[in-house]
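Got a structure for you, written out below as structure tokens; questions coming shortly.
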Amino acid sequence: MTQGQPLFEFRKVADGVHVAVATPAYKVNCNTAIIETGDGVLIVDSHSKPSAARVVVQQLRDITREPVRYVVNTHFHWDHWQGNEVYPATYPNVEIITNDITREAMVRKSLKRIRDHVRSGPAEIAKLRADLAAATEPDRRAELAWNLQQAEAYLAEVRALQPALPTMAFAGSLRIFKRDREVHLHHLGRAHTEGDVFAHLPKEKLVVTGDAVIAWTPFMGDGYPEDWGGTLRRLEQLDFDLMLLGHGEPAGREWLAVFRGYVEDLVDAVRQEVATGATLDEVKQRVPDRLAPAYEQAFSKYGTYRPWRTGIQTNIERVFATVS
Ligand SMILES: [Zn+2]
């Protein structure tokens, strides 16, 4: 992302259904699904900060006259729910929905992580400032200056955050039946987190996946790599043609096959190495080259943003820790 680019690109994907695709950025935002129901709008995910949610709210006025009635959070990560507070502030009757597992994770983990971000922000900013002062190459300097500006703006927002926790929580599945729309919310097992929520629009043959499926190398730091593939196999059982991903461009079922293949092959490869007694360093040496022919190109569509070779290293650490 370069300075001055809009935060989101809004796109219509079905009658009354839009997606705000977040521009890749140092301080990442998630994508938001915007679903008109005939009785209010249902929003899926609210970004990393209130100012980003406000951009969506502003744009909504051009898209629909319906007020927002529901905000769904797919999981407990900061970049998917820290903009929540904007919705009850703008639409007094809004309900924020997730499942029991994710709400619990927000209470137990996210609130602490918000305090961690407030605490670690100044050091992150100091480091970016030092890197900028040391950098000579103009493109690198421009990138660092922009990252620094994002870090400073984020710290100011996270300090003032009024975290809006979900007001409704479901177990298993919740089906919402509205005049013009049917929306099913499902928990299909552990994957990117313990509580990943999928939103399925059966008539439009569309699913919103959160970060259980994204367009670049997944983050597994809070994930369950051994369960992930099975959860995605259950997702494959649903009837849909289009996926609105947590990050990156919408995709079809063929991307789900590639993405699941990566997760399953990674787990298998690490397991095999561990069975032969390989150390973590050896696994990190060998497995990327083993998986590269099948996956490196597919996961490199965003160029130098979140490169696969870097992502797979932290993925291996997580898989190694869970299988050994
Ligand atoms: Zn996430």
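What follows is calculated from the coordinates using simple rules that are stated; it is not laboratory data. Every value quoted in this text rests on a predicted model; they were computed, and no experiment measured them. Every residue, glycine as well, gets a Cβ built from its backbone with ideal geometry; the counts of neighbours run over all protein chains shown.
Using a 10 Å cut-off on Cβ atoms, rank the peptides 140-152, 41-53 from the highest mean neighbour count down.
41-53, 140-152
Just the number, please: percent antiparallel of the DSSP beta bridges in the chain, rounded to the nearest 5.
Numbers: 28 of 42 bridges.
Just about 65 percent of them are antiparallel.
Obtain the nm distance between the two label points defined at A135 and T322 by a simple spin-label model: each point lies 7 Å from its Cα along the Cα-to-C-beta direction.
Roughly 3.4 nm, to one decimal.
Let me ask you something else. How do V323, V107, V56 line up, fewest other C-beta atoms within 10 Å first?
Ascending Cβ contact count within 10 Å gives the list V107, V323, V56.
I need the semi-axes of the equivalent ellipsoid of the chain: take the C-alpha gyration tensor, multiply each eigenvalue by 5, square-root it, list largest first in whole angstrom.
Over the Cα atoms of the chain, the ellipsoid semi-axes are 30, 26, 18 Å.
Could I ask something else about it? For a footprinting-style exposure proxy, rank D241, D265 by other Cβ within 10 Å, fewest first.
Listed from fewest to most nearby Cβ atoms, that is D241, D265.
Next up: Tally Lys and Arg at +1 and Asp and Glu at -1 over the other residues with C-beta under 15 Å from the C-beta of E104: what net charge comes out?
With Lys, Arg at +1 and Asp, Glu at -1, the neighbours total +2.
Using modelled amide H (1.01 Å from N, peptide plane; none on Pro or chain starts), what sits under 5 Å from the amide H of F170, excluding residues fewer than 5 places away?
Amide H neighbours of F170: T98, N99, D100.
How many lysine pairs in the chain, separated by 8 or more positions in sequence or lying on different chains, have Cα atoms less than 22 Å apart?
13
Measuring from centroid to centroid over Cα atoms, what is the spacing of the stretch 59-135 and the stretch 140-218 in Å?
9
Please identify the helices of the chain, taking whole runs of DSSP H, that span at least 15 Å along their own axis as judged from the Cα atoms and have a mean Kyte-Doolittle score of -1.0 or higher.
Sorted by number, the helices that extend far enough and score high enough are 50-63, 111-134, 138-159, 253-275, 280-295, 308-323.
In the neighborhood of I214, defined by Cβ-to-Cβ distances under 13 Å, what is the net charge if each Lys or Arg adds +1 and each Asp or Glu adds -1?
Within the 13 Å Cβ shell, the charges total -2.
Would you please give the residues with an amide H less than 5 Å from that of A14, counting only those at least 5 places away or on a separate chain, with H modeled from the backbone geometry?
The list, which skips near neighbours in sequence, is empty: none.
Can you give the net charge of the other residues whose Cβ lies under 13 Å from the Cβ of D281, counting K and R as +1 and D and E as -1?
Charge balance in the 13 Å sphere: -1.
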